[in-house]
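Q: Structure provided below as structure tokens; questions to follow.
The values are calculated or read from the model by the stated rules, or taken from the named source; none is laboratory data. All values derive from a computational prediction rather than experimental measurement. Here the Cβ positions follow ideal geometry from the backbone for every residue, glycine too, while neighbour counts run over all protein chains shown. These accessible areas exclude ligands, DNA and RNA; they are computed on the full protein's heavy atoms, side chains included. Shrake-Rupley method; radii C 1.70, N 1.55, O 1.52, S 1.80 Å.
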Amino acid sequence: MIPTIDLGPWLTGDAAARARIAATVDEALCSAGFLLVTGHGVDPGLRAAIREAARGFFRLPAAVKEPYAVRVGGRGWLGPGAEANGYAEGTATPPDLKESWSFAAEEPSGDPAVDAEWFLPNVWPAEAPRLRPLVSAYVARMRGLSDHLLELLAAALGGPGDLFTRHTRHPTWGFNVNWYPGTDVVGPPEPGQFRIGPHTDFGTVTVLDRQRGRGGLQVHTDEDGWQDAPWEPDSFTVNIGDLMARWTGDRWRSGRHRVLPPPADAPAEELMSLVWFYECDPGTRVTPLPAPVGRHAYEPVDSHAYLRAKLDAIGLG
């Protein structure tokens, strides 16, 4: 249900190899909404260094972190109790058992109203000085990788190569470093409480660098229910969000997922994920692709009005 896609043959292979890869991607996104991606060329040492720098910040006392506290959608520290992703599905759930540092696009577009909402400067914690150069390097790699993925998605739909990337000339993006500590930090989980509650992502495409763990990622499909997501060393986990599913007229499904709480038999387990959310240019008018590609004729939406409503639904502060 969740295949592994080697981007090497996609980027350098012949037409037949590219067609096979595109067909596999289409099939996977029709069923689970998830892929594993290898051959991406992103240095694993860079990802490890971000984790090391961020861990030093997360392990600081709450009083030191509190001046950086923001609400969901802001740039800074999302502390305990700030977020409950289950609310995106309309389900009241306890707060997610995690902390995050959130970064987002900051290069001004020139439109003051747009910039004030979507392109504000990032906040960099003085207590973790190595984060800025590391995250800046990672973001640059993610921008390039995401456009390659969108070109692959366009081919999977039989469309022109710039079907999506024509809308990523000045895109918004979000980058969260998610810290999932053990019960020594968060305490015993409440009934129905997760590291991240069941939800689908909201936007276009998500690229996740995750660690293997007992209290890790699960993916939901109608056929199999909740299953542990597959994992391979040096792979990225890629999924599409609600906006992309809508864009395809529900040909593809927005991958429903959750992150399990710290396991009872390994309560000290600590995991950290690097979560990259790639979106389109503000104000993009998303009109579902028509039949026979699309299967549902939604009304067009403004991409970022849609995203803002989704973000507002999960914030608890």
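Q: Looking only at segment 209-266, how many residues end up being outside any loop (DSSP other than H, G, I, E, B) and on the phi < 0 side of the Ramachandran plot? Can you show your working first?
A: First pass over segment 209-266, keeping only residues outside any loop (DSSP other than H, G, I, E, B): 209, 217-221, 225-228, 236-240, 242-247, 256-259.
From what's left, on the phi < 0 side of the Ramachandran plot: 209, 217-221, 226-228, 236-240, 242-247, 256-259.
Of the residues in segment 209-266, 24 are outside any loop (DSSP other than H, G, I, E, B) and on the phi < 0 side of the Ramachandran plot.
Q: Separate question: Being open to solvent by less than 20 Å² (accessible area, probe 1.4 Å), part of a loop (DSSP other than H, G, I, E, B) and among the small types (Gly, Ala, Ser) is true for just one of Gly283, Gly294. Which residue is that? Give the steps one after another, and end with the answer.
A: Values: Gly283 fails: open to solvent by less than 20 Å² (accessible area, probe 1.4 Å).
Result of the check over Gly283, Gly294: Gly294.
Q: Could you grab the pairs with beta carbons closer than 7 Å, sequence gap of 6+ or different chains, first residue in segment 179-197 and under 14 Å from Val259 (Cα atoms), second one buried (at least 23 other Cβ atoms within 10 Å of the Cβ) and of a type in the set (Val, Ile, Thr)?
A: If the second residue must be buried (at least 23 other Cβ atoms within 10 Å of the Cβ) and of a type in the set (Val, Ile, Thr), the pairs left are Tyr180/Val259; Phe194/Val259; Arg195/Val259; Ile196/Val259.
Q: May I pose another question? So, in segment 85-102, how many residues would count as being outside any loop (DSSP other than H, G, I, E, B) and closer than 22 Å to Pro67 by Cβ?
A: So the count comes out to 4.
Q: Among the residues of segment 1-53, write down those that are at pLDDT below 95, touching a strand residue (DSSP E or B) at 6+ places or on another chain (Cβ under 9 Å) and β-branched (Val, Ile, Thr).
A: Ile2
Q: State whether the residues of segment 103-125 include one that is among the hydrophobic types (A, V, I, L, M, F, W, C), out of contact with any Cys (no Cβ under 6 Å at 6 or more places or on another chain), touching a residue at least 12 places away in the same chain (Cβ under 8 Å) and assigned to a strand (DSSP E or B). Spell out how you get there, then give the answer.
A: Just the residues of segment 103-125 that are among the hydrophobic types (A, V, I, L, M, F, W, C), to begin with: 103-105, 113-114, 116, 118-120, 123-124.
Narrowing the set further to residues that are out of contact with any Cys (no Cβ under 6 Å at 6 or more places or on another chain) leaves 103-105, 113-114, 116, 118-120, 123-124.
Filter once more, so that each one left must be touching a residue at least 12 places away in the same chain (Cβ under 8 Å): 103-105, 114, 118-120, 123.
Still in the list and also assigned to a strand (DSSP E or B): 103-104.
Yes, segment 103-125 has at least one match.
Q: Under the condition of being in contact with a Pro (Cβ under 8 Å, 6 or more places away or on another chain) and farther than 19 Å from Gly174 by Cα, which residue from segment 66-87 is modelled with the highest pLDDT?
A: The qualifying residue modelled with the highest pLDDT is Pro80.
Q: Shifting gears a bit: Quick one: how many residues across segment 298-317 are at pLDDT 90 or above and more than 15 Å from Thr172 (Cα to Cα)? Working first, answer last.
A: Taking segment 298-317 and keeping what is at pLDDT 90 or above, we get 298-307.
Those still in the list that are more than 15 Å from Thr172 (Cα to Cα) too: 298-301.
Number of matching residues: 4.
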